[in-house]
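S.K.: Here it is: the structure, laid out below.
Laboratory data are not the source of any read-out in this text; all were calculated from the coordinates shown. Worth saying up front: this structure is predicted, and the values here are computed from it rather than measured. Methodologically, a virtual Cβ is constructed for each residue, glycine included, from the backbone with ideal geometry; neighbour enumeration extends over all protein chains shown.
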Amino acid sequence: MPILEMAAKFGVYAVMGVILIFALGVVTLRNLFHCALCLAAALIGIASIYVVLQAEYLAGVQILLYVGAVVTLVIFAIMLTEHLAGKTVRQNNSQSPLAIMALLGFMALIGTVIVKTPWPVTPAALASKVSVMGLGKALMGAYVFPFEVISILLIAVLVGTVIIAKKDTPERS
Amino acid sequence: MIVLPLSHILIFSLLLFAIGLYGALVRRNIIGILISIELMLNAANVNLIAFSKYTSLAPETGQIFAFFVIALAAAAAAVGLAIVLALYRIRKTVYTDEVNLLKW
């Protein structure tokens with residue numbers, strides 16, 4: 001069914017465009033709360049791109065961890081520091097034209113590399129399917145050491161975050 | 001399965017990365033910079049998944065690295081926002097150009 005396939009491809013490109021529009025909203029909107037909402041929308045769109053690339057479990061993790069946890073954390077931080085973000089406060093520094101020029105050069109360079117490189121797309125890789133069981137086996141087999149390192153890092157981050165963010169005790173201040 | 005050309009996905013993630021980098025360069029608010037960094041990490045994740053889908057013969061590898069990136073991004077967001085809150089409590093500001101005590 002070529003017409004159905006073409007419609008599906010068009011849909012994927014439309015999702016990519018919407019993600020880029022939301023990403024532009026993240027970096028240009030003045031109200032930081034709107035930025036966080038745009039970030040949540042962009043992350044959900046990226047999760048749908050993962051589904052297109054047949055990484056369904058990763059899409060679930062993305063929605064749970066990013067949209068569920070990180071965006072909530074960001075919104076908490078925005079709420080706790082909110083009354084600074086008034087309408088008259090400048091949100092960008094004065095280096096915007098310079099940054100745009102440098103980024104255009106960067107994008108031209110990397111885009112040329114992407115288009116010119118003959119990527120070794122193999123039919124064997126395209127046909128392969130990743131199951132959650134395979135992921136678990138790889139995580140407990142070949143990648144067990146990075147897995148343990150990540151768990152130690154997460155405990156360190158938990159303790160460090162509490163210590164940094166808690167109020168100072170009276171005898172110290 | 002929908003098969004897009006690999007270069008289109010790479011171009012998409014390049015644009016996403018560039019937008020995130022723009023935000024990280026021009027934002028004054030530290031929370032805005034952290035949000036932009038999350039965008040850049042997501043662009044890298046899209047690349048990892050695309051390469052593992054299109055070119056790798058061990059397709060779990062890219063997904064597992066993407067898991068690690070997500071875990072590290074969550075850790076970075078938690079520590080960064082804790083630092084922002086501590087800074088706000090001490091200096092009453094979240095703008096990068098007003099935090100210049102160590103700057104010449």
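S.K.: Based on DSSP H runs of at least 4 residues, each adding -39500 (n - 2.57), what is the mean residue ellipticity at 222 nm of chain A after dividing by all its residues, to the nearest 500 deg cm²/dmol?
M.R.: Mean residue ellipticity at 222 nm (helix-derived): -23000 deg cm²/dmol.
S.K.: Could you state the angle between the C-alpha long axis of helix B:30-54 and the longest principal axis of the C-alpha atoms of chain B, as a value from 0 to 90 degrees rounded to the nearest 10?
M.R.: 10 degrees
S.K.: With a sphere of radius 14 Å drawn around the Cβ of residue A:140, what net charge do the other residues whose Cβ falls strictly inside it have (Lys, Arg +1; Asp, Glu -1)?
M.R.: Summing Lys/Arg as +1 and Asp/Glu as -1 gives -1.
S.K.: Report, in degrees rounded to the nearest 10, the 0 to 90 angle that the Cα long axis of helix B:6-26 makes with the longest principal axis of chain B.
M.R.: Around 0 degrees separate the two axes.
S.K.: Okay, moving on. Would you work out which of A:10, A:140, A:120 lies farthest towards the positive end of the dipole of chain A? Charges go on Cβ: Lys and Arg +1, Asp and Glu -1.
M.R.: Value: A:10.
S.K.: Next question, about the same structure. Rounded to two decimals, what ratio of Rg to Rh does chain B give with C-alpha atoms and a Kirkwood Rh?
M.R.: On the Cα set of chain B, Rg over Rh gives 1.11.
S.K.: Also, quick follow-up: For chain B, what is the calculated [θ] at 222 nm in deg cm²/dmol (nearest 500), taking -39500 (n - 2.57) for each run of four or more DSSP H residues and dividing by its residue count?
M.R.: My calculation for chain B gives -26500 deg cm²/dmol from helical runs alone.
S.K.: For chain A, restrict the atom set to alpha-carbon positions and state the Rg and Dmax in Å.
M.R.: 21.5, 74
S.K.: Still on this structure: Once the Cβ-Cβ distance between residue B:102 and residue A:31 is put in as r, and R0 is 41 Å, what FRET efficiency do you end up with, to the nearest 0.05?
M.R.: Here the calculated transfer efficiency is 0.85.
S.K.: Another one. Mean Kyte-Doolittle hydropathy of -0.5 or higher plus an axial Cα length of 18 Å or more: which whole DSSP H helices in chain A meet both?
M.R.: A:2-28, A:32-52, A:96-116, A:144-165
S.K.: First select every other residue whose beta carbon is under 14 angstrom from the beta carbon of residue B:8; then total the charges, Lys and Arg +1, Asp and Glu -1.
M.R.: +2
S.K.: Counting alpha carbon pairs within less than 8 Å and at least 6 residues apart, what relative contact order, in whole percent, applies to region B:6-93?
M.R.: 26 percent
S.K.: Angle, helix B:60-91 long axis vs. longest principal axis of chain B, Cα atoms, 0 to 90°, nearest 10?
M.R.: The helix B:60-91 is inclined about 10 degrees to chain B.
S.K.: Further, regarding this structure: Whole angstrom only: what separates the Cα centroid of region A:1-70 from the Cα centroid of region A:143-167?
M.R.: Cα centroid of region A:1-70 versus Cα centroid of region A:143-167: 28 Å apart.
S.K.: With a Cα-only, solvent-free Debye model of region A:1-84, what are the log10 I(q)/I(0) values at q = 0.20, 0.25 Å⁻¹?
M.R.: Per q value, in the given order, log10 I(q)/I(0) is -0.92, -1.16.
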